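What follows is a short report on a single structure.
Derivation of every value follows stated rules applied to the coordinates shown; laboratory data play no part. Just so it is clear, the structure is predicted and the values come from calculations on it, not from any experiment. Every residue, glycine among them, receives a Cβ derived from its backbone with ideal geometry; neighbour counts consider all protein chains shown.
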Amino acid sequence: MEEKQGVKIGMPIIGGLIAAILGGVVWAAVAAMTEYEVGLIAILVGVLCGYAVVLFSNKQIATVHKIIAVVFSLIGILLGKYLTVVYFTAQLYTDMSMMNLVFNGEMISAFAETFTEYFSEPIDLLFVVLAIVSAWQIPGRMAKTSMASEASTSDQTPRA
């Protein structure tokens, strides 16, 4: 799992996972504080996953890194939606804590059964697409920026 076609993917996967968890928690926290889901957070999750993959890959980017960023941005969005549902369910049923609900099998099953309802609005899909685009483009742009700065540094070295 560490290398695919000579490209290291282990650390970028860890970075993407960390970013997805952090993004999902931020999503749910914003939804809990505002009592409204802010779709722009989805783009933030995509950006966060893209940057994390770049940082954890030491800016050695290949197409597989872009795919990793996209997959983890989708996981982060899904986690954010799930934690938001768990939060509001915990508010309705005061006899259960949020932590008990997060890992509750019935809660997970109910979320899976009603999954499509959470992405039924066109605006939801728009923000998911924008998150995917962000997660895909950031690694490529950062790699190009890194290559350009390395090239300009090597051009400035004196030649003997």
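Of all segments of the chain bounded by chymotrypsin sites (Phe, Trp or Tyr not before Pro) found in a DSSP loop with no more than 11 other C-beta atoms within 10 Å, the longest spans 104-160.
Between Ser97 and Ser120, the modelled labels are 3.3 nm apart [label points 7 Å from Cα along Cα→Cβ].
Between Ala31, Ala135, Ala112, find the one with the highest GNM mean-square fluctuation for the chain; connect C-alpha pairs within less than 10 Å. For the chain, modelled as a Gaussian network with Cα springs under 10 Å, the answer is Ala112. The charge dipole of the chain, taken about its Cα centre with unit charges on the Cβ atoms of Lys, Arg (+1), Asp and Glu (-1) only, comes to about 880 debye. D by Stokes-Einstein for the chain, Kirkwood Rh over Cα pairs, 4 °C, 1.567 mPa s: 76 µm²/s.
At most 13 other C-beta atoms within 10 Å and a DSSP loop state: those are the exposed GluC sites (Glu not before Pro) I care about. Give me the longest piece of the chain that has none.
36-160
Using the rule -39500 (n - 2.57) for each DSSP H run of four or more residues, divided by the residues of the chain, the 222 nm mean residue ellipticity is -26000 deg cm²/dmol. Net charge dipole, segment 1-94: roughly 260 debye, given to the nearest 20, about the Cα centre with Cβ charges of +1 for Lys and Arg and -1 for Asp and Glu.
Mean sequence separation of contacting Cα pairs (under 8 Å, at least six apart), scaled by the length of the chain, corresponds to a relative contact order of 31 percent. Which one, Val53, Leu22, Tyr93, projects farthest toward the positive side of the charge dipole computed for segment 2-130 from Cβ point charges (K/R +1, D/E -1)? Ranked along the dipole, the leading option is Val53.
Beyond 17 Å, the tail of the calculated P(r) for segment 29-122 holds 58 percent of the Cα pairs.
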